[in-house]
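Participant: First the structure, which I've put down as C-alpha cells, then a few questions once you've had a look.
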Amino acid sequence: QVQLVESGGGLVQPGGSLRLSCAASGSGFSINAMAWFRQAPGKQRELVAAITSGGSTNYADSLKGRFTISRDNAKNTVYLQMNMLKPEDTAVYYCNTRAYSDYIGFHDYWGQGTQVTVSS
C-alpha cells in the first residue's frame, strides 16, 4: 500500500554534507509522522530524527545542530540534511513512515535503507 524509496547516500569525507530523501508512494493512505533511523555495524537501530504532520521535530541529542529533518507534504517526501559528518555517522539510514488507511488503520512502513559512509 505504501512504498518508501530512499536516495542520497554515499561516501563523504569527515566534515562533509549529504542530503537524504525519502519519497512515499501509493494510494489510500495519509501520512502521519515520518522519521529517519540508522543502524551501524554491530549496533542496534536508533532514531535519528522525526517530524510530525504538524511540523514538530525531535532529534537524537548527539545530532542536534548537525542534522535537520524536513518534509514536503505535497510531495510526500521527507529529507535529512546532514552536515559536519563524522566517521561515527557511518550507518545504513532507514526512512520510516506512519501512515493511516481505512482498511488497516495506522501502520509503519520502512524503506530499503541507504548507506552513508564517512571516511577519509
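The values are calculated or read from the model by the stated rules, or taken from the named source; none is laboratory data. As the structure is a prediction and not an experimental result, all values here were calculated from the model. Cβ: placed from backbone, ideal geometry, glycine included. Neighbour counts: every protein chain shown. Quick note on the areas: whole protein, heavy atoms, side chains included, nothing else; ligands and nucleic acids left out. Shrake-Rupley method; radii C 1.70, N 1.55, O 1.52, S 1.80 Å.
Conditions tested, residue by residue: (1) in contact with a helix residue (DSSP H, G or I) (Cβ under 7 Å, 6 or more places away or on another chain); (2) modelled with pLDDT under 95; (3) under 13 Å from Thr97 (Cβ atoms).
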| site | (1), (2), (3) |
| --- | --- |
| Ala33 | no, yes, yes |
| Pro41 | no, yes, no |
| Arg45 | no, no, no |
| Met84 | no, no, no |
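Participant: Taking segment 10-45 as the search range and keeping residues that are among the aromatic types (Phe, Trp, Tyr) and within 13 Å of the chain's Cα centre (by Cα), which one is least open to solvent (accessible area, probe 1.4 Å)?
Facilitator: So, considering only residues that are among the aromatic types (Phe, Trp, Tyr) and within 13 Å of the chain's Cα centre (by Cα), the one least open to solvent (accessible area, probe 1.4 Å) is Trp36.
Participant: How many residues does segment 46-56 contain that are open to solvent by 50 Å² or more (accessible area, probe 1.4 Å) and more than 12 Å from the chain's Cα centre (by Cα)?
Facilitator: 4
Participant: Looking only at segment 107-120, filter to residues that are small (Gly, Ala, Ser) and under 15 Å from the mean Cα position of the chain (by Cα); which one of those is surrounded by the fewest Cβ atoms within 10 Å (Cβ to Cβ)?
Facilitator: This residue is Gly113.
Participant: For the subset of segment 86-106 comprising residues that are among the aromatic types (Phe, Trp, Tyr) and open to solvent by 10 Å² or more (accessible area, probe 1.4 Å), which member is farthest from Phe37 (Cα to Cα)?
Facilitator: Tyr103
Participant: Oh, and also: Return yes when Asp89 is under 18 Å from Gly10 (Cα atoms) and among the acidic types (Asp, Glu) and no when it is not.
Facilitator: So Asp89 passes the test.
Participant: Still on this structure, I have one more. Only one of Ala33, Ala24, Ala49 is farther than 22 Å from Gly105 by Cβ and not in a loop (DSSP other than H, G, I, E, B); which?
Facilitator: Working: Ala33 fails: farther than 22 Å from Gly105 by Cβ; Ala24 fails: farther than 22 Å from Gly105 by Cβ.
Matching residue, one of Ala33, Ala24, Ala49: Ala49.
Participant: Also, quick follow-up: Scan segment 17-31 residue by residue and report those that are modelled with pLDDT under 90 and among the polar types (S, T, N, Q).
Facilitator: Within segment 17-31, Ser27, Ser30 meet the criteria.
Participant: Still on this structure: Which of the residues spanning segment 108-117 are part of a strand (DSSP E or B) and over 16 Å from Ile51 (Cα atoms)?
Facilitator: Thr114, Gln115, Val116, Thr117
Participant: As an exercise: evaluate Ser70 against (1) modelled with pLDDT of 95 or more; (2) open to solvent by 50 Å² or more (accessible area, probe 1.4 Å) and give the number of the one condition it does not meet.
Facilitator: Every condition holds for Ser70 apart from (2).
Participant: Is there a residue in segment 40-56 that is within 15 Å of Gly9 (Cα to Cα) and in contact with a Leu (Cβ under 6 Å, 6 or more places away or on another chain)?
Facilitator: No; the residues of segment 40-56 include none that is within 15 Å of Gly9 (Cα to Cα) and in contact with a Leu (Cβ under 6 Å, 6 or more places away or on another chain).
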